[in-house]
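Structure first, then comments.
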Amino acid sequence: MAQWLGRLWELLSRRIDSFLFGVALTIAGIGLITLFSATDQSVARLSSQATNLAFALALMWIVANIPPQTLARAAVPLYGVAIVLLICVALWGVTVNGSRRWLNLGFGRFQPSELMKIALPLMLAWYFQKFEGRIGWKDFTLAAVLIVVPVYLIKRQPDLGTALLIGASGFYVLYLAGLSWKVMAGLVVVAAAAAPLAWQHLHDYQRERILTFVDPTRDPLGAGYHSSQASIALGSGGVVGKGWLNGTQTHLDFLPERHTDFIFAVFGEEFGLIGNLVLLILYLLLIGRGMMITANASTMFARLIAGAVTLMFFTYAFVNMGMVSGLLPVVGVPLPLVSYGGTALISLFIGLGILMSVQAHRKLVNT
């Protein structure tokens, strides 16, 4: 029996980066604990997220055992499927709270934009590796088109937050592929100059969020309600927090979207500054390990995809925490591995699986 269990453990732990896995699982565990409180101790929601986590872990293990060369061959069809699914969302998607972001699969809903989080960096990394050693401005231009198409489709849902962050993940690949600092500075200038034009294409609620960010007291009971209640929740937690299940802002229903976008406010209220620091350290450890894997990658494709996945975790965590803390405008960005949501959790663990694949197969590629 012991020998059989040993072989099973050897199989399950194969290609798994124990440090990365341990940190990610700890963050996910914190997410389940916080979710139980955020949903008023809903066993159904907790069970659903636990099931999503189990499925995500299985997919992570599968991806971790796939060599980066095989992942590269899947880049083009995966990107194509993701684009088709985004078009299907525009035509037949399920509308919730005024946004059309999901496809109804019968047994559940699927958000194709989460698939694009993985498909876009894979596609760009494959493209740049194909032309490694002779990458020119035409290649960066075509890569920009590959980024703009899904960003536009996601922005139309509307989901500006996810669109911008997916665009950022594509930009990370361009940067890691050698995009000139002069070009990046030029893009910043162009973006700043185009801001007035972009303002005209924003939805009314998106404009209100930006104006409220500039002046939080502008509409405290309307557009500024989410941000103000989140700040109150974080502040009321103090240094040590009010204790698990004892958050007043959460359980008196003052805090909106508390199990998804604003779950960090729930955690901060109940576990305080100390809890926030622990969670922040865990994210830094995960990102630091990802950067080490990126630095040790054996091929250009592996380096680009590992760097993009790692920086994606950083961006999502930074934007969510900044949004909840009032340092950034409110956008629909979940806290990685913590917020409720099956598709997001699965895409993030697939990203971790890619990092583990890059780490596990680096020597095989060299030889």
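Looking only at the range 91-100, count every residue that is surrounded by 13 or more Cβ atoms within 10 Å (Cβ to Cβ) and either modelled with pLDDT under 80 or among the aliphatic types (A, V, I, L, M) (or both) and tell me the total.
Selection size over the range 91-100: 2.
Residue check, S339 against (1) over 21 Å from G237 (Cα atoms); (2) surrounded by 24 or more Cβ atoms within 10 Å (Cβ to Cβ); (3) polar (S, T, N, Q), all met but one. Which one?
Every listed condition holds for S339 apart from (1).
Give G167, G161 a once-over and let me know the one that is surrounded by 17 or more Cβ atoms within 10 Å (Cβ to Cβ), free of Cβ contacts under 8 Å to residues at least 24 places away in the same chain and not aliphatic (A, V, I, L, M).
Of G167, G161, the one residue that is surrounded by 17 or more Cβ atoms within 10 Å (Cβ to Cβ), free of Cβ contacts under 8 Å to residues at least 24 places away in the same chain and not aliphatic (A, V, I, L, M) is G167.
Find all pairs meeting these conditions: Cβ atoms under 7 angstrom apart; at least six residues apart or on different chains; first residue within the range 86-107 and under 19 Å from V149 (Cα atoms) and of a type in the set (D, E, K, R); second residue modelled with pLDDT of 85 or more and surrounded by fewer than 11 Cβ atoms within 10 Å (Cβ to Cβ).
Between residues of the range 86-107 that are under 19 Å from V149 (Cα atoms) and of a type in the set (D, E, K, R) and residues that are modelled with pLDDT of 85 or more and surrounded by fewer than 11 Cβ atoms within 10 Å (Cβ to Cβ), there is no close pair.
Are there any helices (runs of 4 or more DSSP H) wholly within the range 246-344 with 1 or more residues that are touching a Lys or Arg at 6+ places or on another chain (Cβ under 7 Å) and among the β-branched types (V, I, T), and if so which?
248-251, 263-295
Each row is one residue, and each column tells you yes or no for (1) of a type outside the set (A, V, I, L, M); (2) in a helix (DSSP H, G or I); (3) at pLDDT below 75; (4) closer than 16 Å to V331 by Cβ.
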residue	(1), (2), (3), (4)
I154	no, yes, no, yes
P158	yes, no, no, yes
A168	no, yes, no, yes
Y172	yes, yes, no, no
L197	no, yes, yes, no
Y205	yes, yes, yes, yes
F213	yes, yes, yes, yes
S227	yes, yes, no, yes
A230	no, yes, no, yes
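The values are calculated or read from the model by the stated rules, or taken from the named source; none is laboratory data. Keep in mind the model is a prediction, meaning the values are calculated, not measured. We place every Cβ from the backbone using ideal geometry, glycine too, and count neighbours over all the protein chains shown.
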